[in-house]
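Notes follow once the structure below has been shown.
Every read-out reported here was derived from the displayed coordinates using simple, explicitly stated rules and does not represent laboratory data. These figures come from a predicted structure and were not determined experimentally. Because the Cβ atoms are built from the backbone with ideal geometry, glycine has one as well, and the counts that use them run over all protein chains shown.
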Amino acid sequence: MFGLKSREDQFFKLFNQTADLLCQSTRCLLNLVSDFSPDKLPTSMSKITDLEHQADDVTSRIIDKLNHTMVTPIDREDIYKLATFLDNVIDFIQGAIERMVVYKASTPPQGAIELTKVLDECAKIIKDSFSYLPNIRSGRQHILENVAKVSVLESDADKLYRKEVGRLFDEEKNILEIIKWKEILEHLENAADYCEDIGDFIKGVVLKYA
């Protein structure tokens, strides 16, 4: 267990805030694609933009604290990368919804819905993992099991992405629809990649300190 002073403990509280914003972001996207209506796009865009701005603010606070804290609970580089990776996932989710709005996307294909479900599950596991970091020794096994789950989910996301892109080129006759959804799917797959990166960094922190 880290012997944390209140100031050092703030890093973990801020991580938990960003992880919660990540869960809200994936849920916003899932609610949009699983029960799609063009009328829902403006509201979803407004919500994800607000969440993305909140995440940017928390990330800025983490970096500011790094600049004003002499002793940090984990390596400064690890704190910075975890903060930016969390923010990047939300950025890609925001980018996916933004492209659905700009491109006036049609009903999402099943592959996009399944990929979003994987992202939502990753977000929940990541949030759970961050809640254990302040008590890293007692939570070591649970965190490592979570990281393994995220790795499997990211592999699932890769397969879903390749399968859906292949289906688009095989079955979709409208070239514009192919272009639209390929780019949206790329944002979802990139978000899943960053989820795995977060898991890898959390694993590194656990192995280093527990």
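If the condition is being over 21 Å from Ile93 (Cβ atoms) and not aliphatic (A, V, I, L, M), then segment 178-210 contributes Lys203, Gly204, Lys208, Tyr209. Of the residues making up segment 25-47, just one is buried (at least 17 other Cβ atoms within 10 Å of the Cβ) and more than 21 Å from Pro109 (Cα to Cα), namely Lys47. Checked against the criteria, Lys104 counts as among the charged types (D, E, K, R), over 13 Å from the mean Cα position of the chain (by Cα), within 30 Å of Asn174 (Cβ to Cβ) and not in a helix (DSSP H, G or I).
I'd like to check something: does segment 24-46 contain any residue that is in contact with a Phe, Trp or Tyr (Cβ under 9 Å, 6 or more places away or on another chain) and either aliphatic (A, V, I, L, M) or more than 17 Å from Cys195 (Cβ to Cβ) (or both)? No, because not a single residue in segment 24-46 is in contact with a Phe, Trp or Tyr (Cβ under 9 Å, 6 or more places away or on another chain) and either aliphatic (A, V, I, L, M) or more than 17 Å from Cys195 (Cβ to Cβ) (or both). Residues in segment 131-138: is at least one surrounded by fewer than 18 Cβ atoms within 10 Å (Cβ to Cβ) and among the aromatic types (Phe, Trp, Tyr)? No, because not a single residue in segment 131-138 is surrounded by fewer than 18 Cβ atoms within 10 Å (Cβ to Cβ) and among the aromatic types (Phe, Trp, Tyr).
All told, Val118 falls short of being assigned to a helix (DSSP H, G or I) and surrounded by fewer than 17 Cβ atoms within 10 Å (Cβ to Cβ). When residues in segment 16-59 are screened for being in contact with a helix residue (DSSP H, G or I) (Cβ under 9 Å, 6 or more places away or on another chain), without any contact (Cβ under 8 Å) to a residue 60 or more places away in the chain and among the small types (Gly, Ala, Ser), 2 of them pass.
Is it true that some residue in segment 6-15 is within 23 Å of Val118 (Cβ to Cβ) and either touching a residue at least 12 places away in the same chain (Cβ under 8 Å) or not in a helix (DSSP H, G or I) (or both)? Yes.
A single entry from Asp170, Asp128 fulfils the requirement of being part of a helix (DSSP H, G or I), within 17 Å of the chain's Cα centre (by Cα) and not small (Gly, Ala, Ser): Asp128.
Among the residues making up segment 93-137, a single one is of a type in the set (Ser, Thr, Tyr) and free of Cβ contacts under 8 Å to residues at least 60 places away in the same chain: Tyr132. Restricting attention to segment 89-120, the residues that are within 18 Å of Leu153 (Cα to Cα) and of a type in the set (S, T, N, Q) total 2.
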